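Q: Structure in structure tokens, see below.
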Amino acid sequence: MISELFTVTVLIGILASGIRLATPYLYASIGEMFGQRSGVLNLGVEGQMLLGAFAAFYVALTTGNLWLGILAAMIVGALMGLMMAFVTVNLHAQQGISGIGFYLFGLGMSDLLFQKLMGTVETVKGFPPIKVPLLSNIPGIGEIFFSQNLLVYGAYLLVPAAWFVLNKTTLGLKIRSVGENPDAADSLGVSVARVRYFTIILGGTLSGVAGASLSIALLNVFQQNMTSGLGFIAVALVYFGGWRPWGVLGGALLFSMVNSLQLWIQVLGIPIPSEIAVMMPYVLTILVLVITVSRVRAPSALTKPFERED
């Protein structure tokens with residue numbers, strides 16, 4: 001039975017779905033990376049994703065417009081980011097605890113809205129696959145890389161865009177300086193609060209899109225707690241990737257491929273307990289954090305509130 005995993009058809013299927021499943025990881029992790037590079041840890045990513053997923057699905061379901069669903073997810077994520085920014089930047093709350101609070105808020109609110117506005121699980125017609133001319137006709141490669149939907153392509157384009165912003169723009173320099181030495185950045189006229197507000201709101205917006213990618217692009221359904229810890233894995237991927245976009249991409253692909261593998265194991269009926277297969281991505285999360293936590297250096301001001309001296 002295990003030999004079935006090594007057929008060409010199954011391997012192409014695993015890789016194609018792995019590329020697709022990396023989409024929410026990339027949106028959420030890149031957004032979280034910007035926040036952490038400015039010195040703010042947001043453990044509320046999961047809650048932002050859940051509310052974004054519900055907003056996108058409900059708006060798409062009621063209007064029939066997927067792009068309005070994406071816009072709704074972005075607005076909800078941005079508002080969650082704004083609240084997180086106020087609590088951490090203005091009130092100087094402990095970032096880990098406040099992030100967990102926002103996660104629980106997103107979990108509970110998405111559940112409440114689902115019960116009150118929908119009540120039962122429904123489906124929508126999500127973003128269809130778009131075949132890239134010529135490239136999608138390449139045997140194997142075309143199906144894996146060039147027959148995905150728009151949100152998948154957008155997630156991968158986000159990686160070089162994030163690298164360019166962080167390393168080649170004045171904004172990126174400000175973000176990095178605020179995350180490493182906010183006192184020095186402040187002395188040079190950089191508004192630490194403004195930079196952190198921007199990165200936290202950006203992170204929330206991208207987390208909303210990550211949730212939308214689940215509900216109207218990958219699964220085309222909304223159900224309670226549908227992220228199942230994906231937001232926390234996204235936070236872990238920032239550490240795994242060493243706070244670099246390309247590192248985050250590598251981590252996202254690793255986790256999505258493992259997730260794809262466990263799904264195919266269940267589809268093929270390979271005699272491995274389904275509980276063990278489902279646990280694989282989460283066990284990998286723990287192992288990766290244990291291995292990488294001592295090998296990478298976090299931004300010096302991460303989790304440290306900044307108070308400007310008069």
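Q: Run through the stretch 46-152 and list the trypsin sites (Lys or Arg not before Pro) located in a DSSP loop whose Cβ has at most 15 other Cβ atoms within 10 Å. All intermediate terms of the calculation are to be shown ahead of the outcome.
A: On the way: sites: K116, K125, K131; in loops: K125.
Listed in order of number, the matching sites are K125.
Q: Could I ask something else about it? Using the 10 angstrom Cβ neighbour count as an exposure proxy, how do I286, I19 rank, fewest first? Before the final figure, lay out each step's value.
A: Details: I286 10, I19 22.
Fewest-to-most Cβ neighbours within 10 Å comes out as I286, I19.
Q: Same structure, new question: For the stretch 108-200, what mean projected area does the convex hull of the alpha carbons give, in nm²?
A: On the way: hull surface 42.7 nm².
Convex hull of Cα atoms, orientation-averaged projection: 10.7 nm².
Q: So what's the convex hull volume per residue for the Cα atoms of the stretch 58-125, in Å³? All intermediate terms of the calculation are to be shown ahead of the outcome.
A: Values: hull volume 6.1 nm³, N = 68.
Value for the stretch 58-125: 89 Å³ per residue.
Q: Tell me, Kirkwood radius of the stretch 191-243 from alpha-carbon pair distances, in Å? Can you show the working numbers first?
A: Numbers: mean 1/r = 0.0788 Å⁻¹.
Taking the inverse mean of 1/r over all distinct Cα pairs, the stretch 191-243 comes out at 12.7 Å.
Q: Helix 245-267 versus the longest principal axis of the chain: what is the Cα-based angle in degrees, 0 to 90, to the nearest 10?
A: Computed tilt is about 30 degrees.
Q: Sticking with this structure for a sec: Quick one: helix 8-37 against the long Cα principal axis of the chain, what's the angle to the nearest 10°, folded into 0 to 90?
A: 10 degrees
Q: Report, to two decimal places, the Cα Rg of the stretch 8-165 normalised by 2.2 N^0.38 Å (N = number of residues).
A: On the way: Rg = 18.0 Å, N = 158, 2.2 N^0.38 = 15.1 Å.
Dividing the Cα radius of gyration by 2.2 N^0.38 Å gives 1.19.
Q: With everything on Cα atoms, drop me the angle between helix 150-168 and the longest principal axis of the chain, reported from 0 to 90° to the nearest 10.
A: With rounding to tens, the tilt is 30 degrees.
Q: I've got another one for you. Order these by the 10 Å Cβ neighbour count, fewest first: I12, I276, I216.
A: Working: I12 16, I276 11, I216 28.
Lowest count first: I276, I12, I216.
Q: What is the ratio of the Cα radius of gyration of the stretch 1-85 to 2.2 N^0.38 Å, with N the residue count, to two decimals? Please list the in-between numbers first.
A: Numbers: Rg = 17.3 Å, N = 85, 2.2 N^0.38 = 11.9 Å.
Here the answer is 1.45, to two decimals.
Q: Under 23 Å from the Cα of K304, which lysines turn up, not counting those fewer than eight places away in the same chain?
A: Of all the lysines, those that pass the test against K304 - Cα under 23 Å, at least 8 places apart if same chain - are K174.
Q: Is the shape of the stretch 158-310 rounded, prolate or oblate, going by the alpha carbon gyration tensor and its root eigenvalues a ≥ b ≥ c, with a/c under 1.5 for rounded and a/b larger than b/c for prolate?
A: Details: a/c = 2.62, a/b = 2.04, b/c = 1.29.
Prolate, because a/c is 1.5 or more and a/b exceeds b/c.
None of the figures in this text is laboratory data; all of them are computed from the coordinates on show. Values in this document were obtained by computation on a predicted structure and should not be read as measured data. Virtual Cβ from ideal backbone geometry, glycine too; neighbours counted across all protein chains shown.
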